[in-house]
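For reference, the structure discussed in these notes is given below.
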Amino acid sequence: MYREKKISVVIPCFNEEEGIALVIPSLPDSVDEVIIVDNNSTDRTAEVAKRLGARVVFEKKKGYGAAYKAGLPAVTGDITVTMDGDGTYAVEQVEECIDHLLDNDLDFVSASRFPLRDKKAMNFSNKVGNWVLTVGTLALFAHAIKDSQSGMWIYKSRIYPKLNLESDGMPLSEEIKIAAIRHPEIRFDEYNVNYHPRIGEVKLNKWKDGFENLLYLVKLRFRPVKK
């Protein structure tokens, strides 16, 4: 419990046994529930997660979004925190982000990696790709956002059904933020956090995923807002 709220952490994983072996023990003691979504891993991800006390949800359908759509509804906590299983996101700032959510009476906080505190944590091409997608978000939705692709979100679990998420792939990251921003009953903000070099093998296909994300932004722009 943290500030009388039950805290759930959801981490989608595909072959992240090395990363989660470090991420799960690094989570603050206030975290009540850790849900690992095993997205067809061929390594010991599920075994390591269970040994460290996490609840494992299996999702056979491959994809970042598919994994999250299996894990997020399984949450039992009052506040949901998400992050990747590769050690890049700021486990050390989970409580700080929750404070920002609660102190400002917000519903959804996106943990912004920009401006980067550690310039070496992200390579140049990824920085450019994130900039393009973030500028695209501003151009299409007229909402200034510093990091449209962040994978660390902190939100009140009760709002999840209002987000109506659809993407099974990487675009879910931008979709969830845009859904929160556009919903009249959801108060959204960003909070700057640390970003660390990843642990383990890079699985992102930056050009394919980047182009898919850009096309999905256009699709979202002309999709009716669901309430």
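Taken together, the values in this text are just the output of simple stated rules run on the coordinates, not laboratory data. These figures come from a predicted structure and were not determined experimentally. Counting neighbours? That spans all protein chains shown, and the Cβs are built from the backbone with ideal geometry, glycine included.
Can you tell me what share of the DSSP beta bridges in the range 7-221 is antiparallel? A percent to the nearest 5 is fine.
Working: 7 of 27 bridges.
DSSP beta bridges in the range 7-221 are roughly 25 percent antiparallel.
Give Lys119/Lys156; Lys61/Lys219; Lys119/Lys177; Lys69/Lys146 a once-over and call out the pairs whose C-alpha atoms are over 28 Å from each other.
Exceeds cut-off: Lys119/Lys156.
Each label point is 7 Å from the Cα along the Cα-to-Cβ direction; what then is the distance between the points at Phe124 and Leu165, in nm?
The two pseudo-label positions are separated by 3.4 nm.
Below 8 Å, C-alpha to C-alpha, sequence gap of six or more: please give me the relative contact order for the chain in percent.
23
May I ask for the equivalent-ellipsoid semi-axes of the chain, computed as the square root of five times each C-alpha gyration tensor eigenvalue and listed largest first in whole Å?
Over the Cα atoms of the chain, the semi-axes work out to 24, 21, 18 Å.
What is the Cα centroid distance between the range 64-78 and the range 1-37, reported in whole angstrom?
13
Hey, can you grab everything whose amide H is under 5 Å from the amide H of Ser112? Only 5+ residues off in sequence or another chain; H modelled, so Pro and N-termini drop out.
Correct list: Tyr191, Asn192, Val193.
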